[in-house]
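A.B. asks: Quick one: structure below, then a few questions.
The values are calculated or read from the model by the stated rules, or taken from the named source; none is laboratory data. The structure displayed is predicted, hence computed values, not measured ones. Cβ atoms come from the backbone with ideal geometry, glycine included; neighbour counts cover every protein chain shown. Heavy atoms of the whole protein, side chains included, go into the accessibility calculation; ligands, DNA and RNA do not. Shrake-Rupley method; radii C 1.70, N 1.55, O 1.52, S 1.80 Å.
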Amino acid sequence: MATHSDLPLLLLMTLAKVVVVLGVLLTAIAYIVWMERKVVAHIQSRWGPYLVGPHGLLQPLADALKFLFKEDIVPDEVDRPIFWLAPLLAFTLAFLSISVIPFGESITIAGHTIPLQITDLNVGLLFVLAVTSLGVYGVALAGWSSNSKFPLFGGLRSSAQLISYELSLGLAVVSVVLIAGSLSLREIVEQQRGLWNICKQPLGFLLYFTAAVAETNRTPFDLPEAEAELVGGYHTEYSSFKFAMFFMAEYANMVTVSCLATSLFFGGWLGPVFGPPLVRSLLPVLWFALKVLAFLFVYIWIRGTLPRFRYDQLMGFGWRVMLPVALLNVLGTSLIVAWRSV
Amino acid sequence: MSTIDQATVTRVKQVVAARSDGALLSATEPHADTLQFAIEKAALRAVVEGLVNELQARFMISVGTDRRPVTGDFAILHLFSLDHEHLYVLLESPVPEKDLRIESITEIIPGANWAEREFRDAIGIHPEGHPDPRRLLLADDWPEGTYPLRRDFPYNFQPPSVENVRPQLREPPAGASVVPMGPFFPVLEEPAYWRLFVEGETIVGCDTRIFYNHRGIEKLGDSVLTYNEIPYLAERICGICGFIHSTCYCQAVEKAAGIEAPRRARYIRTIMLELERIHSHLLWLGIAGHIIGFETVLMQTWRIREPVMWLCEEISGNRKTYGMNTVGGLRRDLPNQTKPKLLETLAEVEKETIAVRNAIVGDTTLHARTKGVGALTNEWAKKICAVGPPARASGVAIDARIDHPYAAYDEVPPQIATQEAGDTWARVLVRVGELLESIRLVREALSSVPDGPICAEIKEEIPPGRVGVSVVEAPRGEAVHYVLTGGDNRPYRWRVRAPTYPNLQALPAMVSNGTIADVPITLGSLDPCFSCTERLETVDRRTNEVRVYSHAELLEISRRKARGGGTR
């Protein structure tokens, strides 16, 4: 543990990690958008972005520039402070939850061991759930403050959807916590050294993944922004960088739930490790990244394959199917855990 | 020509004679399948009632004609079809200039609602007892008392706009609020304004404003263009099924003038019409997928559709707007060397369409989104005079290709399938079935195209005062063209009714009690086709003042904005 003599060093280290993680995350988001456009395009027999850079690789850069230079339109009748606050909230909260995700074991530089995680909270999992729940406010407030019917519908739908699916998501996570006996993500990952949780909790994983798709407003649960009926949904009135913040928040959330799925069910950074010390400490990061990428691919794949549900069908599915199954799963898991510990 | 039962003809005459009660002015048979009756306007309503109740006649459209230069009066003509008897019945009433009123028939036929509002707007004959006093066709800032389809209204005359007009929109019932869909909306390719009255997300009513840009095509047809120029304009009525309109117009003129298009021309018309149906239905399937958030269906069906467009280009030189039709036949032959390629492409399209069909039929999410959604009952479909796939999906077995055979459909008859459910899913099934049937029809027609000329020789001028009615089964339903021949080598009156016209009138009943989320797909399942716009309407929320900006004003505002002097 850190004594106050190496407090400055700790601070510096954490700051460095924050900068690196944030930088990687932002770049990753830009290229997830690129990957999404490419993958969906190929599913639909198109080329996707192709003109900016080789295979459209510079497209994200062009998009970012475009968002920065577009006119920022604030409609007359909006509730200005909240209209400004909403994208900030969505953006900040989406990026906050990444701070407790462990993306590797640890790295040793000049005698100092640095855990590859911004901070290892002992209630890390709770922290993620709390922060993602708060994310609803961004969407709900955007819908409310726009003072227009389509955003309002989008905002209301989204709030209802997120709250409904949050329950099943939470319950799916509870079953993992029951097995691990810890809320720290690092510990949950460490405990999967023998067997990944996906083998112990296949149903829990299915529930988690379905709920996560709904949590991130992705197809087939992308009702808050169903353009066919709600124009742009909650962000109809947003433009320029305020819109980009919602956009990035959505993709950051995708990354977060994928990281969480990896940590909870697929053994996080665990994987074969070999070679010299530096490679040994960096390989886990690679395994982690690959697993997360696989999840992101599944997300995109789903988008290319499924049509959108209708709002009442989505809510019906959440409350009538997901929630009872999740409850049964928790019940079953606790019975087994209790029986084993006796 | 399918055989017309003389007993039916006699029966129609009896019903008209009995109901008109001595007010029958004349009864003529311009063509074997067309019966025309002139009736005094006081008895018109009674005769319409007789036709509908006793003979189950289907209302098609009303035509208002300004006959003042010829007979000194106006005339209203109601067009009916006895589908299974292969007959058209035309009821005409003279309307004197001194008393521009006629009894409304909307009470008997709900589907006549728009037709009557339209002749009120365009000719100025007032349908008495019509439930809706609002405009349909004319813009809100069009001056009162100016009727564009009258003969003394020059085609290029622009009346001054009326300032500060309020759009005539209905208010929602107490407790309901309005969700606007349109005039511009992401899933509507064309402008239309639906005011949905909602309680929560449940729809309790709806109001419509369309005709945002009436292009005055009929007016051009009877004032500027000549018989053989009109096919090119007719083709531009629709952005998808243009060939349907040019064929329908040519057939109406051919019928009126007694010209027989050669057999080969009729076969080639059939082939082109069915190719158009194939690419139109594939386009629709994609749009329907897009509406319910299934982008992959959109991309795939449009990819499958593309070779059909190339074929059309190879045959006519254009992907769309072929310019092939002319009065009396065709301008351009079907080159024999395209035949093998045509068959090859069709086989490929068929294979892929079947793959898409199998994928769609088994998709449970699609079922959930479309089954029981936007149901159109059989009874209402008949009353509102729905046509095409929406009618057939509601169990109304009508198809112009069978009921009033044209082109070569008497020799290559289609097999039509109906569904009973009347919901969006039924409309999907009907269209997918038709798609495959069209492929079969093209093949069959191709194998039996006779040799010979492609255009009839027309030696005499087309005599004035003749009537021709023609229908064509467009992908969206039955298109109707009515031509009354005139002098100066042009029609005296040319009336067009596109299939969306009756079908859109069915929408309010279909979306009622549904949710907002169902409206786009319900509207989409009608495969609507409107037209383009250039106007914008704004409401100032502080003063509730409604302003309609002119094109020049909009241009000015946008330029001012661009120069940096914002209007905020």
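A.B. asks: Taking the solvent-accessible surface of protein heavy atoms with a 1.4 Å probe, what is the per residue accessible area of the stretch B:217-533 in Å²? Write down the numbers at each step before the final one.
C.D. replies: Numbers: 10080 Å² over 317 residues.
That works out to 32 Å² per residue.
A.B. asks: Apply 1/(1 + (r/R0)^6) to the Cβ-Cβ distance of A:LYS70 and B:VAL178, taking R0 = 30 Å, and write down the FRET efficiency to the nearest 0.05.
C.D. replies: On the way: r = 30 Å, r/R0 = 1.01.
According to the calculation, E is roughly 0.50.
A.B. asks: Counting each DSSP H run of 4 or more residues in chain B as -39500 (n - 2.57), what helix-only mean residue ellipticity at 222 nm follows after dividing by all residues, to the nearest 500 deg cm²/dmol? Don't skip to the answer; put the middle values down first.
C.D. replies: Values: 19 runs with 225 residues, N = 568.
Estimated from H runs of four or more residues: -12500 deg cm²/dmol.
A.B. asks: Taking each full run of DSSP H in chain A as one helix, which ones are at least 30 Å long along their axis (Cα atoms) and have mean Kyte-Doolittle hydropathy of at least 0.5?
C.D. replies: On the way: long enough: A:7-43 (52 Å, 1.83); A:124-145 (32 Å, 1.72); A:149-180 (46 Å, 1.25); A:240-265 (38 Å, 1.13); A:277-305 (43 Å, 1.49).
Result, helices passing both filters: A:7-43, A:124-145, A:149-180, A:240-265, A:277-305.
A.B. asks: Please label the shape of the stretch A:35-177 as rounded, prolate or oblate, based on the square roots a ≥ b ≥ c of the eigenvalues of the alpha-carbon gyration tensor (a/c under 1.5 means rounded; beyond that, a/b larger than b/c means prolate, else oblate). Mind dumping the intermediate values first?
C.D. replies: Working: a/c = 1.71, a/b = 1.15, b/c = 1.49.
In terms of gyration-tensor shape, oblate.
A.B. asks: Which residues' amide hydrogens lie under 5 Å from the amide hydrogen of B:HIS126, considering only partners 5 or more residues apart or on another chain, with H built in the peptide plane?
C.D. replies: B:ARG101, B:ILE102
A.B. asks: For chain A, what is Rg from Cα atoms divided by 2.2 N^0.38 Å, rounded to two decimals? Before the final figure, lay out each step's value.
C.D. replies: Numbers: Rg = 20.9 Å, N = 342, 2.2 N^0.38 = 20.2 Å.
Ratio of Cα Rg to 2.2 N^0.38 Å: 1.03.
A.B. asks: Counting only Cα, what are the radius of gyration and maximum Cα-Cα distance Dmax of the stretch A:28-69, in Å?
C.D. replies: When restricted to the Cα atoms of the stretch A:28-69, Rg and Dmax are 10.3, 32 Å.
A.B. asks: Take the Cα of B:ALA417, step 7 Å along the line toward its Cβ, and report every residue of the stretch B:465-490 whose backbone nitrogen sits under 11 Å from that point.
C.D. replies: none
A.B. asks: List the residues, sorted by chain then number, that are 5 or more residues from B:ARG493 or on another chain and whose placed amide H is less than 5 Å from its amide H.
C.D. replies: B:LEU484
A.B. asks: Something else: Could you give each residue of the stretch B:191-207 its phi-based ³J(HN,Hα) in whole Hz, using Karplus coefficients 6.51, -1.76, 1.60 with θ = phi - 60°, and x for Gly or Pro?
C.D. replies: For the stretch B:191-207, the Karplus-derived couplings read x, 7, 10, 10, 9, 8, 8, 10, 10, x, 9, 8, 8, 10, x, 7, 10 Hz, x marking Gly and Pro.
A.B. asks: On to the next question. By its C-alpha gyration tensor, with a ≥ b ≥ c as the square roots of the eigenvalues, how is the stretch A:189-297 shaped: rounded for a/c under 1.5, else prolate for a/b larger than b/c, else oblate?
C.D. replies: On the way: a/c = 4.33, a/b = 1.88, b/c = 2.30.
The shape class here is oblate.
A.B. asks: Please give the direction-averaged projected area of the C-alpha convex hull for the stretch B:306-357, in square nanometres with one decimal. Walk me through the numbers on the way to the answer.
C.D. replies: Values: hull surface 17.2 nm².
Answer in nm², one decimal: 4.3.
A.B. asks: Could you check what % of the DSSP bridge pairs in the stretch B:6-168 are antiparallel, to the nearest 5? Spell out each step's value before the answer.
C.D. replies: Details: 22 of 30 bridges.
Beta bridges within the stretch B:6-168, antiparallel portion: roughly 75 percent.
A.B. asks: Can you classify the stretch B:6-168 as rounded, prolate or oblate using the Cα gyration tensor, where a ≥ b ≥ c are the square roots of its eigenvalues, rounded means a/c under 1.5, and otherwise it's prolate if a/b beats b/c and oblate if not?
C.D. replies: Numbers: a/c = 2.30, a/b = 1.85, b/c = 1.24.
Verdict is prolate for the stretch B:6-168.
A.B. asks: In addition: Along the charge dipole of chain B, which of B:VAL253, B:GLY64, B:TRP302 sits closest to the positive end, that is, farthest toward it, with unit charges on the beta carbon of Lys, Arg, Asp and Glu (+1, +1, -1, -1)?
C.D. replies: Farthest along the dipole direction, towards plus: B:TRP302.
A.B. asks: Starting at the first residue of the stretch A:191-200, write each ³J(HN,Hα) from the Karplus equation 6.51 cos²θ - 1.76 cosθ + 1.60 with θ = phi - 60°, in whole Hz, x for Gly and Pro.
C.D. replies: 5, 8, 4, x, 9, 5, 5, 4, 6, 7
A.B. asks: Modelling each spin label as a point 7 Å along the Cα-to-Cβ direction, I'd like the B:THR226/A:LEU126 distance in nm, to one decimal.
C.D. replies: For B:THR226 paired with A:LEU126, the spin-label model returns 9.0 nm.
A.B. asks: Then there is this: Rg to Rh ratio, chain B, alpha-carbon atoms and Kirkwood radius? Spell out each step's value before the answer.
C.D. replies: Working: Rg = 23.7 Å, Rh = 24.8 Å.
With Rh from the inverse mean 1/r over Cα pairs, Rg/Rh is 0.96.
A.B. asks: A follow-up question, please. What are the ³J(HN,Hα) values, in whole Hz, obtained from phi via the Karplus relation 6.51 cos²θ - 1.76 cosθ + 1.60 with θ = phi - 60°, for each residue of the stretch B:462-475 in sequence order, with x given for Gly and Pro?
C.D. replies: Result, ordered by residue: 6, x, x, x, 8, 10, x, 10, 9, 10, 9, 7, 6, x Hz.
A.B. asks: May I pose another question? Residues of the stretch B:180-205 losing 50 Å² or more of accessible area relative to the isolated chain, 1.4 Å probe, heavy atoms only?
C.D. replies: When all protein chains are present, B:PHE185, B:PRO186, B:GLU201 each give up 50 Å² or more of accessible surface.
A.B. asks: Which distance in nm do the two modelled labels at A:LEU286 and B:THR364 give, with both placed 7 Å along the Cα-to-Cβ direction?
C.D. replies: 4.1 nm
A.B. asks: If the cut-off is a Cα-Cα distance under 22 Å, which lysines reach A:LYS38, setting aside same-chain residues fewer than 8 apart in sequence?
C.D. replies: A:LYS66, A:LYS291
A.B. asks: Still on this structure: Could you please state how large a percent of the accessible area of the protein assembly as shown is carbon and sulfur, counting protein chains only and using a 1.4 Å probe?
C.D. replies: Values: 23220 of 37990 Å².
C and S fraction of accessible area: 61 percent.
A.B. asks: Please report Rg (one decimal) and Dmax (integer) in Å for the Cα set of the stretch B:13-76.
C.D. replies: Expressed in Å, the Cα Rg and Dmax of the stretch B:13-76 come to 12.4, 37.
A.B. asks: Once every DSSP H run of n ≥ 4 in chain A is given -39500 (n - 2.57) and the sum is divided by its residues, what mean residue ellipticity at 222 nm do you get, rounded to the nearest 500 deg cm²/dmol? Before the final figure, lay out each step's value.
C.D. replies: Values: 13 runs with 227 residues, N = 342.
The helix-only estimate for chain A comes to -22500 deg cm²/dmol at 222 nm.
A.B. asks: Please give the FRET efficiency for A:VAL342 paired with A:VAL321, using the beta carbon to beta carbon distance and R0 = 35 Å, rounded to the nearest 0.05.
C.D. replies: So, using R0 = 35 Å, E works out to roughly 0.60.
A.B. asks: Ok, one more. Can you list residues whose amide H is under 5 Å from B:VAL95's amide H, if they're 5+ apart or on another chain and H is modeled 1.01 Å from N?
C.D. replies: The list, which skips near neighbours in sequence, is B:PHE74, B:ALA75, B:ILE76.
A.B. asks: If R₀ is 56 angstrom, what is the calculated FRET efficiency for the pair B:ASN213 and A:LEU293, using the beta carbon separation as r and rounding to 0.05? All intermediate terms of the calculation are to be shown ahead of the outcome.
C.D. replies: On the way: r = 50 Å, r/R0 = 0.88.
According to the calculation, E is roughly 0.70.
A.B. asks: Still on this structure: Obtain the nm distance between the two label points defined at A:LEU11 and B:SER447 by a simple spin-label model: each point lies 7 Å from its Cα along the Cα-to-C-beta direction.
C.D. replies: Placing both labels 7 Å beyond Cα along the Cβ direction yields 8.8 nm.
A.B. asks: Now a separate question. Can you pull the semi-axes for the protein assembly as shown, root of five times each eigenvalue of the Cα gyration tensor, sorted largest first, whole Å?
C.D. replies: On the way: eigenvalues 784, 178, 130 Å².
Equivalent ellipsoid of the protein assembly as shown: 63, 30, 25 Å, largest first.
A.B. asks: Please work out how much length the chain gains when fully extended from B:ARG101 to B:GLN158, using 0.36 nm per residue of separation minus the C-alpha to C-alpha distance, in nm with one decimal. Could you put the intermediate results ahead of the total?
C.D. replies: Working: separation 57, 0.36 × 57 = 20.52 nm, distance 2.62 nm.
Difference between extended and current length: 17.9 nm.
A.B. asks: Right, next: So if the hydrodynamic radius of the stretch A:97-237 is defined as the Kirkwood radius over C-alpha pairs, what does Stokes-Einstein give as its diffusion coefficient at 25 °C and 0.890 mPa s, in µm² per second? Don't skip to the end; give the middle numbers.
C.D. replies: Numbers: Rh = 16.9 Å.
Using the Kirkwood radius from Cα pairs, D works out to 145 µm²/s.
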